[in-house]
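These notes are about the structure you will find just below.
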Amino acid sequence: MKMKHKLFEKHQLDERQEKALRKIESNSFYLVFSLLLIAIAVQPILESHGWLIGISDALGEGIVLLICAAYFCIQCIHQNLWDRKIKPTPKNNIRISLIGSVLVFFIAFLYKYLIDFQFSSAIITALLGATACFLLCIALTTLLASIHKKREQQAEEQAEE
Amino acid sequence: MYVLYINCGGDFMGKNLYLKAARAERDWTQKDLAEKVGVSRQTINAIEKGEYNPTIKLCRAICRVLNKTLDELFGEENEDEA
């Protein structure tokens, strides 16, 4: 009996969709590359003028990540693409959100614990962060999935020429 | 020669009316053809409109399903240049 791991299952995208996704990924890479270059160049200048005092060290990188994530999402929605293997179902949205929130839990716990070495306050901070992350991810993935499904339906209903 | 022509770059080639005609011969919708070939309806639509340049693999699959040759559906003389 052949056991096929889910990772090696057939892609749900055809060749045209795959080509479109690869183009988006390629553009996203160049966007990340150029924006990071700008962030690396600009941040020291702003810091030397004292404009970034009290603000997170990773502000520039965070902004770059947000811009690129937004670009990727918008382009995929525009091209009616979701993912190569994962379908936009509520179950999958919950799974992805859980993975994200678990990661946030561990990062938040470590971050808080390494500051004041208080286990209980670190756990509370981590739980709050993970919960916020989960709720935000679920809301966002559900919204994007519904937009994607609506656009897919419109594309299917479009009359043949 | 087919590989050089079919993959000669650029996404807009002009409408593929012979593909549309071959599909109409069998009274198939774009969705029917797409299901038989294993691609989305939008891909077949894009090929017929000349907006997408299919790979030789997909061309062969379409020809096999429609029982036509590559020349008949995707040959150079079949281009309807705008």
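No lab work stands behind these numbers, since they all come straight from the coordinates. Quick caveat, the model's predicted, so the values are computed rather than measured. Methodologically, a virtual Cβ is constructed for each residue, glycine included, from the backbone with ideal geometry; neighbour enumeration extends over all protein chains shown.
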Checked A:155, A:108 against criteria (surrounded by 12 or more Cβ atoms within 10 Å (Cβ to Cβ), in contact with a helix residue (DSSP H, G or I) (Cβ under 9 Å, 6 or more places away or on another chain), within 14 Å of chain B (Cβ to nearest Cβ) and hydrophobic (A, V, I, L, M, F, W, C)); the one match is A:155
Going through segment B:38-56 in order, the residues found to be in a helix (DSSP H, G or I) and more than 11 Å from the chain's Cα centre (by Cα) are B:41, B:42
Might you check whether a residue that is touching a Lys or Arg at 6+ places or on another chain (Cβ under 7 Å) and either over 21 Å from residue A:148 (Cα atoms) or not in a helix (DSSP H, G or I) (or both) occurs anywhere in segment A:70-90?
yes
Taking the condition at the interface with chain A (Cβ under 9 Å from one of its Cβ atoms), touching a Phe, Trp or Tyr at 6+ places or on another chain (Cβ under 8 Å) and of a type outside the set (D, E, K, R), does residue B:29 pass? no
Confirm whether residue A:69 is within 28 Å of residue A:18 (Cβ to Cβ) and either of a type in the set (A, V, I, L, M, F, W, C) or surrounded by fewer than 13 Cβ atoms within 10 Å (Cβ to Cβ) (or both).
yes
For residue A:128, the lone unmet condition from (1) assigned to a helix (DSSP H, G or I); (2) hydrophobic (A, V, I, L, M, F, W, C); (3) within 14 Å of another protein chain (Cβ to nearest Cβ) is (3)
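This table checks each residue for (1) over 20 Å from residue A:87 (Cβ atoms); (2) surrounded by fewer than 12 Cβ atoms within 10 Å (Cβ to Cβ).
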{"residue": "A:24", "(1), (2)": "no, no"}
{"residue": "A:51", "(1), (2)": "yes, yes"}
{"residue": "A:59", "(1), (2)": "yes, no"}
{"residue": "A:62", "(1), (2)": "yes, no"}
Of the residues in segment B:54-65, those that are surrounded by fewer than 20 Cβ atoms within 10 Å (Cβ to Cβ) and more than 7 Å from chain A (Cβ to nearest Cβ) come to B:56, B:57, B:60, B:61, B:63, B:64, B:65
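Residues checked against (1) without any contact (Cβ under 8 Å) to a residue 24 or more places away in the chain; (2) within 27 Å of residue A:144 (Cα to Cα):
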residue	(1), (2)
A:27	no, yes
A:40	yes, no
A:52	yes, no
A:56	yes, no
A:59	yes, yes
A:62	yes, yes
Check: Taking the condition within 8 Å of chain A (Cβ to nearest Cβ) and of a type in the set (A, V, I, L, M), does residue B:46 pass?
Finding: yes
